[in-house]
Structure formats: C-alpha cells, structure tokens
Amino acid sequence: MSVLVTGAAGFIGFHTSAALLARGETVIGIDNLNPYYAVSLKEARLAELTPRRGFAFQHLDVAERGAMTALVQQHPEIDRIVHLAAQAGVRHSLVDPHAYVRANIEGQLEILEACRRLPRLAHLVFASSSSVYGGNTKLPFAITDPVDTPQSLYAASKKADELMSYCYAHLYRLPSTGLRFFTVYGPWGRPDMAAWLFTEAILKGEPIRIFNNGKMRRDFTYIDDIVAGVLAALDRPPPDPGKEPPYRLYNLGNHRSEELKRFIAVLEAAIGRKAVMEFAPLQPGDVPATYADIVDSTRDLGFMPTTSIDEGVPRFVDWYRRYHGL
Ligand SMILES: NC(=O)c1ccc[n+]([C@@H]2O[C@H](COP(=O)([O-])OP(=O)(O)OC[C@H]3O[C@@H](n4cnc5c(N)ncnc54)[C@H](O)[C@@H]3O)[C@@H](O)[C@H]2O)c1
C-alpha cells in the first residue's frame, strides 16, 4: 500500500504512520506543524519517523487551495489516505473559530478533491470525533443516534466532515470511512488534553481544574487500540453494491466510561503524588459524559480495545517522564 497520512506529526498521525511502516507500507506524511501546541513535540515525533524506511515527509497545509491536488499529481501511486490533520480541541474552538473552519472544513474539501484525482485510490479514512454526539443524553453513543446538537464549533466541523464525505461517496463513489475517536491518550500524546495537563500539574504541585464539579465521565481510549482500529478500517473499504454510497462511520472508543476522578486516582498512583484539585463548572462547549457503543466496529472491523486506564495511564506517565528527562 502507498498511504498518505495527513497530520503525520500529530499524536494519532504519528502512531498511525509508525504502525503502517512497521507492517511494510509506504507512507507519505504531511503536516503544517502549526503552533497550536509545542512545535518541538511535533518535530520530535517526526524525528522518530523520518529515519524509517518507507517514510517521506512534506511540510504542507491541507487547506491551502490546490496544494493537495498538486501533491497527488506527483504521487499517483497513493492508494489509501488516512486524513487526521485538523484543528483539534473543543475549548479552543471558542477562542479561534476560524481555524476550525479552515483546517477542518476547507481542509476536508481539499482532501476530497484530491481523492477524485487519484486513479488508484481504494479508500479514504478520516477522523471524526465523539464530540459530534453533542447534547445527546442517551448512553452509550451509537452510530445510529441523531447527531444534530453540536455543543462546539469543533463538533460542528467534524459533523460537516462526515456530511461532505458522504456527499463525495455518493457523487463520485469514493469509498470513505469516518472514525469517531473517543478521548485518545498515551505516549506522545497532546499537551492540551487531560492526561498531559494533569500529569504536568501534579508533578509541579500545582492545582488541576476539574470541570462540572467532578461529575465528568470519559471513554478514555489508549492510542494502540485506536491505531488498531484505524488500520482495521483502512484494510476494509466499504463495499459498493451500487445503491447506497460506499460510506461507513464507526465509533472507536474503549467502551468504558470512566469517572474523571478515577482517571485522576490512577494518575496519582502512577506518579506517586496526590493531585491538588480545584472544582469548576462545566465549560462552554464541553459535554459531561462520553461512552462509545462499539457493536458495529467490533462486528465489521474486529475492533476490540484491550487497554484499561490501569494499564495505559502508567505507560503514559513513564513516557512523559522520559520525554522530559524527569
Ligand atoms: N486525540 C483525541 O482524543 C481525538 C478525539 C477525537 C477526534 N480526534 C481527531 O483525530 C485527528 C488527530 O488528532 P490528534 O489528537 O492527533 O491531534 P494533533 O493536533 O496532535 O494532530 C493533528 C495534526 O494536524 C496538523 N494540522 C493541523 N492543521 C493542518 C493543516 N491545515 N494542514 C496540515 N496539517 C495540519 C497539526 O500540526 C497536527 O500535527 C484530528 O482530526 C482530531 O480532530 C482526536
């Protein structure tokens, strides 16, 4: 396979690229290395990938008009795309909404247009998010549930990605699979997410802010389980029987909704220090609980997450210490 991975310097893109290379695929990784969080972390991830056989990197903005179509003209051999580049983060979408429309919506359109120009393209897999379930209160969140109540522009942009991809699957029979990821954590994770923020604060003896006064539940999903799901999806382009578009959506979550306080207790044990907790109300844009129904993903993709937070959190803390030389 010749796979284009967008957002290859990002958390999930880095691990996905590494897993593809490990099984002998050719990977063209692209990323614009934007400064949403430390560029040094993105460069450090790339430094792990670039020496590996089969990997090539291009510094490129997916949302730049025509940049993707130019890239695929140079690489007509690409037969799979894993599109992970995005402006991530729910809370930041209240601060810089334009970044979300540009990277996530214009970027998705550029990817879809590039797909049309690839003669051998067998499958586009793209990142969606559990945040599309928005104000839904029925748990677990199932693919068949309505998703018309986004609570943030980030969520709305991911829902838009799903609709745009469905439309291209319908118009151009482009086989596409959207993956709704649920709170991914693990080594090389993101500095704007709970595992990193809490670990950093606990190690410094600084308070951590717990929103919704501690009444938060998240389906924390370990990165290796996510990558297994991404590869399983990539290997299974939706069939095209001719009537329905070749388009599928799946939840990739651990299928365990953990109390945030339990997640913190596991972190405290792994770090060997107690957290100083400050309670705060639910933040605008946030939702109180996530929980993935993975019946479809297990049936169609063989997706079966195996990593509990008791196993995954200490692995993150070990990596965090090594990365920071602590
Ligand atoms: N990590 C999670 O818990 C989670 C949950 C749900 C959905 N997602 C989605 O999964 C995907 C990957 O997330 P992640 O956690 O690895 O985030 P990340 O921010 O670590 O990775 C995204 C990468 O995309 C790059 N990028 C952003 N805009 C770009 C552009 N216009 N052109 C080229 N590159 C660009 C960034 O520089 C970054 O390296 C994203 O689409 C995100 O929305 C992640």
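The values are calculated or read from the model by the stated rules, or taken from the named source; none is laboratory data. Quantities reported herein were computed from a predicted structural model and do not represent experimental measurements. When we count neighbours, we look across all protein chains shown, and the Cβ atoms used for this are built from the backbone with ideal geometry, even at glycine. Remember, those area values only see protein heavy atoms, side chains included, never the ligands or the DNA or RNA. Shrake-Rupley method; radii C 1.70, N 1.55, O 1.52, S 1.80 Å.
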- The ³J(HN,Hα) series, computed from each phi in segment 193-209 with the Karplus coefficients 6.51, -1.76 and 1.60 at θ = phi - 60°, rounded to the nearest Hz and given as x for glycine or proline, is 10, 3, 4, 5, 4, 5, 4, 4, 5, 4, 5, 8, x, 8, x, 10, 9
- Query: Using θ = phi - 60° and the Karplus form 6.51 cos²θ - 1.76 cosθ + 1.60, what ³J(HN,Hα) does each residue of segment 67-76 get, whole Hz, x for Gly and Pro?
  - Reply: 5, 6, 5, 5, 4, 6, 5, 6, 10, x
- Which ³J(HN,Hα) values, rounded to whole Hz and listed in residue order, are derived for segment 310-320 from phi using the Karplus coefficients 6.51, -1.76 and 1.60 in 6.51 cos²θ - 1.76 cosθ + 1.60 with θ = phi - 60°, glycine and proline given as x? 5, 8, x, 5, x, 5, 5, 4, 4, 4, 4
- Can you send over the solvent-accessible area of Ile223, 1.4 Å probe, protein chains only, in Å² to the nearest 10? 0 Å²
- Message: Can you compute the radius of gyration and Dmax for segment 180-326, using only the Cα atoms, both in Å?
- Response: 17.3, 60
- Note on the structure: Once amide hydrogens are built 1.01 Å from N within the peptide plane, the residues lying 5 or more places from Ala85 or on another chain with amide H under 5 Å from its amide H are Thr6, Gly7
- For Arg190, Arg299, Arg209, give the ranking by accessible area with the largest first, probe 1.4 Å. Arg299, Arg209, Arg190
- Note on the structure: Contour minus Cα-Cα span, Asp296 to Leu139, at 0.36 nm per residue, comes to 55.0 nm
- Query: Hey, what angle do you get for helix 260-271 against the long axis of the chain, alpha-carbon based, 0 to 90 degrees rounded to 10?
  - Reply: 80 degrees
- Quick one: net charge around Gln73, please, counting Lys, Arg +1 and Asp, Glu -1 for every other residue with C-beta under 14 Å from its C-beta. 0
- Leaving out ligands, DNA and RNA but keeping every protein chain, what accessible area does Asp225 have, in Å² rounded to the nearest 10, with a 1.4 Å probe? 10 Å²
- Message: How much of the DSSP bridge set in the chain is antiparallel, in percent, rounded to the nearest 5?
- Response: 5 percent
- Message: Which residues does the label zone of Asp240 cover in segment 57-97, counting backbone N under 15 Å from a point 7 Å along Cα→Cβ?
- Response: 79-81
- Query: Ordering His83, His15, His98, His255 from largest to smallest accessible area (1.4 angstrom probe), what's the sequence?
  - Reply: His98, His255, His15, His83
- Got a sec? What order do Arg65, Arg173 fall in by accessible area at 1.4 Å, biggest, i.e. largest, first? Arg65, Arg173
